[in-house]
């Protein structure tokens, strides 16, 4: 009955738009149910000799051509796993879409490291250099734009994270937007909307499109004499924050909030949480078997979250835990319980 209702409306009219919205809504509602949308997205790394870097990352039907970073030490490492959860892959695909469109994003969600982890996983996947700053009540404009320092008796303006990210084509990660004072973040309004900013040392940041148009009528030496600096077309901003007023903090100004494309990064769904639990479960099985005084292999068929998992893990020495009191006894009790579960499971068969 639902599929018949979605076919109503003339093609190209208002009914077609309404049916598309209803179809997308039903897809979200029916996802994960029997007969619903069960499509699994995969993260693939494609190699091609035609490109400069020779690699392209694809998530579903979205592809991103990798570029060789100028400063590999600024690229996040060891954030993304070999088999990420489907909810994380959905977030990564959304971030890739917004990145290809040249839009800045705002990841909003409850307290925790998940929002920052998703951002770092995407930056690691696409090999993007990152400029990170954690905002607080003590953050001022100089921490975002330029800071004046004295070297050898002479005052210099040193570029900070926002200016470095804009000129070098990096990704600026702003964490804790709700903690910053309301008169600090509006300095980034013009940089987010028009990719322009007036600096304290007299330089002016200009968007790549307008800079290239001026370069057709003027030379680069003239633009350098006018202190006009080109903002890279690869410059992006990823903001991380909490929903206010549910949590304590300063609400964002409407002009600043309209500069971002927001996405709710909530806790991992239930079906995506069994993988880390099973990994921790296998780690707890790593205990020493005093009966054989040797390493032993244990096969356990345990019902975890209503599904069958074959856990085969080598028993490690309890000497690693000898510094903690009671650990050997608790792990021995755990092993006995697991052995009884295994025996019960075999008896059922």
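The values are calculated or read from the model by the stated rules, or taken from the named source; none is laboratory data. Because the structure is predicted, anything quoted here is derived from the model rather than measured. All Cβ positions, even for glycine, are placed from backbone atoms using ideal geometry, and neighbour counts span all protein chains on display.
General observations
- Among (1) under 23 Å from residue 192 (Cα atoms); (2) in contact with a helix residue (DSSP H, G or I) (Cβ under 6 Å, 6 or more places away or on another chain) - the single one residue 102 does not satisfy: (2)
- Residues that are under 34 Å from the mean Cα position of the chain (by Cα), surrounded by 14 or more Cβ atoms within 10 Å (Cβ to Cβ) and farther than 22 Å from residue 103 by Cβ within segment 206-249 comprise 228, 229, 244, 249, listed in sequence order.
- Counting the residues of segment 59-87 that are surrounded by 15 or more Cβ atoms within 10 Å (Cβ to Cβ), touching a strand residue (DSSP E or B) at 6+ places or on another chain (Cβ under 6 Å) and over 12 Å from residue 127 (Cα atoms) gives 1.
- Put simply, of 174, 185 the only residue that is within 30 Å of residue 63 (Cα to Cα) and in contact (Cβ under 8 Å) with a residue 12 or more places away in the chain is 174.
To keep it simple, each residue is scored yes or no on (1) in the same structural domain as residue 266 (by TED's automatic domain parsing); (2) out of contact with any strand residue (DSSP E or B) (no Cβ under 7 Å at 6 or more places or on another chain); (3) farther than 25 Å from residue 72 by Cα.
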site: 134; (1), (2), (3): yes, no, no
site: 140; (1), (2), (3): yes, yes, yes
site: 149; (1), (2), (3): yes, no, yes
site: 156; (1), (2), (3): yes, no, yes
site: 175; (1), (2), (3): yes, no, no
site: 188; (1), (2), (3): yes, yes, yes
site: 210; (1), (2), (3): no, yes, yes
site: 230; (1), (2), (3): no, no, no
site: 246; (1), (2), (3): yes, yes, yes
